[in-house]
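S.K.: A single structure is presented below for examination.
The values are calculated or read from the model by the stated rules, or taken from the named source; none is laboratory data. Just so you know, these numbers come straight off a predicted model, no measurement behind them. Cβ sites come from the backbone with ideal geometry, for glycine too, and all protein chains shown count toward neighbours. When the accessible area is computed, the model is the full protein with side chains, heavy atoms only, and any ligands, DNA or RNA have been set aside. Shrake-Rupley method; radii C 1.70, N 1.55, O 1.52, S 1.80 Å.
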Amino acid sequence: MKLYGVRIFVDDFAAARAFYVDTLSLPVNWEMAEHGAIGFGVGDGELIVEAVSPDDEHPELVGRFVGVSLQVDDIAKTHADLSAKGVAFDAPPEKQFWGGSLAHFKDTAGNILTLLG
């Protein structure tokens with residue numbers, strides 16, 4: 001068994017696509033824009049962004065802590081670069097007791113992801 005992908009739900013597919021492609025610079029593996037879905041390469045798995053319409057039975061899937069950590073080589077530089085692009089971080093990277101550093105940021109739908117260094 002292996003992890004294939006992690007799904008993140010958004011309410012504005014075009015804005016989310018621009019954020020993940022242009023701001024985060026994630027490589028597109030596949031896209032079905034007509035269905036509001038796109039997959040990005042992140043190591044061996046995929047980060048899948050899917051649109052949820054306002055009348056969907058699960059609107060609570062949008063704008064929450066998603067538990068996704070994106071690892072980078074230099075968290076301070078990546079934090080500075082993304083902040084300069086307007087990415088909303090709740091605080092600068094913070095050293096953790098286990099040795100790594102974390103910083104949480106929001107995508108265009110308010111989903112909270114983690115930058116890991």
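S.K.: Using a 1.4 Å probe and ignoring any ligands, DNA or RNA, find the accessible area of Val28 and quote it in Å² to the nearest 10.
M.R.: Here the accessible area works out near 60 Å².
S.K.: Which value in nm describes the separation of the simple spin-label points at Asp55 and Ala91, placed 7 Å from the Cα toward the beta carbon?
M.R.: For the pair Asp55/Ala91, the computed spacing is 4.3 nm.
S.K.: Enter the per residue convex hull volume of region 15-94, computed from alpha-carbon coordinates, in Å³ rounded to the nearest integer.
M.R.: On the way: hull volume 9.7 nm³, N = 80.
Convex hull of Cα atoms, per residue: 121 Å³.
S.K.: How far is helix 75-84 tilted off the main Cα axis of the chain, in degrees rounded to 10, range 0 to 90?
M.R.: So the helix axis and the longest Cα principal axis differ by about 50 degrees.
S.K.: Further, regarding this structure: With all protein chains present, calculate the accessible area of His35 using a 1.4 Å probe and round the result to the nearest 10 Å².
M.R.: Counting only protein heavy atoms, the figure is 130 Å².
S.K.: Here is a further query. Full-extension gain between Asp74 and Arg7, please, as 0.36 nm times their residue separation minus the C-alpha to C-alpha distance. Intermediate results must be reported in sequence, preceding the final value.
M.R.: Numbers: separation 67, 0.36 × 67 = 24.12 nm, distance 2.52 nm.
The Asp74-Arg7 span can extend by a further 21.6 nm.
S.K.: Per-residue accessible area for Lys77 at 1.4 Å probe radius, Å² rounded to 10?
M.R.: In the full protein context, Lys77 sits at about 110 Å².
S.K.: Considering only protein heavy atoms and a probe of 1.4 Å, how much of the accessible area of the chain is carbon and sulfur, as a whole percent? All intermediate terms of the calculation are to be shown ahead of the outcome.
M.R.: Values: 3700 of 6890 Å².
The value for the chain is 54 percent carbon and sulfur by accessible area.
S.K.: Eight or more residues apart or on different chains, and alpha-carbon atoms under 20 Å: count the Lys pairs in the chain matching that. All intermediate terms of the calculation are to be shown ahead of the outcome.
M.R.: Working: Lys77/Lys85; Lys77/Lys95; Lys77/Lys106; Lys85/Lys106; Lys95/Lys106.
Counting lysine pairs in the chain gives 5.
S.K.: What is the distance, in nm, between label points placed 7 Å from the Cα along the Cα-to-Cβ direction at Arg64 and at Thr23?
M.R.: Each label point is offset 7 Å from its Cα along the Cβ direction, giving 2.1 nm.
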